[in-house]
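Report on the following structure.
Every read-out reported here was derived from the displayed coordinates using simple, explicitly stated rules and does not represent laboratory data. Owing to the predicted nature of the structure, the values given are computational and were not obtained by experimental measurement. FYI the Cβ positions are ideal-geometry reconstructions off the backbone, even for glycines, and counts take in every protein chain you see.
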Number of protein chains: 2
Amino acid sequence: MAQRIEVRFEGLGGQGIVLASVVLAEALGVYQGLEAVQTSTYDPETRGASVRADVVSASEPVNYPGALRPDVIVAMSQKAADNSAQLARGGVLIVDPLFVERVPAVDGRVYRVPVTEVADRVGRRQTANMVMLGALARFVPLVSMASLEKAVAARAPRGTAELNLAALHAGYDAATSVAA
Amino acid sequence: MAQRIEVRFEGLGGQGIVLASVVLAEALGVYQGLEAVQTSTYDPETRGASVRADVVSASEPVNYPGALRPDVIVAMSQKAADNSAQLARGGVLIVDPLFVERVPAVDGRVYRVPVTEVADRVGRRQTANMVMLGALARFVPLVSMASLEKAVAARAPRGTAELNLAALHAGYDAATSVAA
C-alpha cells in the first residue's frame, strides 16, 4: 500500500517554519528513501508575519505538492491553530501553548508541547524549529530521529550543528513527557 | 493582466539551490507584495545529489505551486541544463559554465554566468546561491534588487549578511558583463 503523509507547519515569521519544512523533507527524501516535496507559501497580506510550509511525502511520486488534509499540523500561532480544522481524521495536532490559548475541536490527538520554552532552555529561541521536529518524530512513527539528525547536521549553519541537534533531542524528550 | 512568473533552480547538493528559492520567494511574496509559492523536490534516487526548487509568483493566488513551463531556469549542473527543454518560449536560461559544458538549443536567451567562480572571488563558495539571485535580478525585471537585499538580510545566518549581500551584488555585476 502507498504510504503517504502530509505535514503542515504554520506560525509566525522568525520561528523557523520554512527551515523546519526543508529539514523534514530532506530527512524523508534524502535519508529515508521516500519521495518528498516541500512547499512554502508567502501571502502578501501578512507580509511575512504569518508563514505556512508543507511537506508531502510518499513511497510513490507526489502529484500535488501541497498538503490538502494534513495528517500532522504543528501550530505555532493562534491563527494556525484556528486553521487546524483541515486536520485529517485521526491526525496529530501539536501546539505551542505560549502562542496558542484556544485549541479548536479536532478529530485527532492534540499535544501541547512548550516548543519555545524548550528552545529557550536549550539556549537559543531560534532553535524552536528543531524542537518542533523532535516532537514530530516522537508522535509520527514514519519520521525517524536518525534521518532528522543527518538532515539537521547537513543544513545547520556552520558552527551551529551541535546546538541544533541538542534542540532536536530536547524536543523529542519534551514530547515524551507530554505524551506520558 | 495577471503577472505570473515561474523560476526554476536546479543543480547539485551543496550549491544552496533550496535557499536560493526560499530567498526569492520571500523577496517577491513579502517585500514585493506578490503571491509567491516555493517548492523543493527530493528525489530518493539521487539521494540529494540532484536538487530542484521552483518559485511561482503572481499578482493573484497561485493554484498549482510547481513550475510547469519555467520562464527562467538557473542550471547549475549539466543534468539541469539538459532538462531545460521545459523553458517557456522567450525565457531566460542562466548556466554556470563550470558545470555546464553543453547548452541545449532553447527558444530563449542563454547567459553563461560564472556563478561559482564569482562566489569564490567574493570569498566563500557557499554564496553561489546569492550570486545566482543577483544574476537573476539583472535579467528578470520583475525581480528587484531592493527586495532581494531585504530577503537576504532577513535570511542570512547571523554574521553572514554582509558577505551574502556582497555576493548578491557581485552576481548582478557579473551578469551585467555577460549581457553587454
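Structure above, values below:
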item	result
Convex hull projection area averaged over all views, chain A, Cα basis, nm²	9.8 nm²
Packing-based order for A:20-31, A:159-170, B:96-107, using average beta carbon neighbours within 10 Å, highest first	A:20-31, A:159-170, B:96-107
Net charge of Cβ neighbours under 14 Å - reference B:GLY66; Lys, Arg +1; Asp, Glu -1	-3
For peptides A:121-133, A:60-72, sequence by mean Cβ density within 10 Å, most packed first	A:121-133, A:60-72
Label point 7 Å beyond Cα along the C-beta direction, distances from B:ARG158 to other copies (nm, shortest first)	1.7
Amide proton proximity set for A:VAL110, modelled H, under 5 Å, gap of 5+	A:LEU93
Label geometry 7 Å along the beta-carbon vector: A:ALA146 inter-copy distances in nm	5.2
Closest approach to the axis - chain A beta-carbon, rotation onto B, Å	A:PRO157, 2
Over the protein assembly as shown: Kirkwood hydrodynamic radius from C-alpha pairwise inverse distances, Å	20.4 Å
Under the span-like rule (Cα at least 18 Å along the axis, Kyte-Doolittle mean at least -0.5), DSSP H helices of chain A	A:161-179
For A:149-159, mean number of other protein chain Cβ atoms within 10 Å	2
Shielding by partners, peptide A:47-56 (average Cβ within 10 angstrom, other chains)	2
Residue list for region A:141-180, given a label point 7 angstrom along the Cα-to-Cβ vector of A:ARG121 and an amide N cut-off under 15 Å	A:166-180
Structure-based [θ]222 nm, chain A - -39500 (n - 2.57) summed over DSSP H runs of at least 4, per residue, nearest 500	-11000 deg cm²/dmol
Exam field: A:ALA105 pseudo-label spacings to other copies (7 Å along Cα-Cβ), nanometres	6.5
Two-site FRET efficiency, B:ARG47 against B:LEU163, from Cβ-Cβ distance with R₀ of 25 Å, rounded to 0.05	0.30
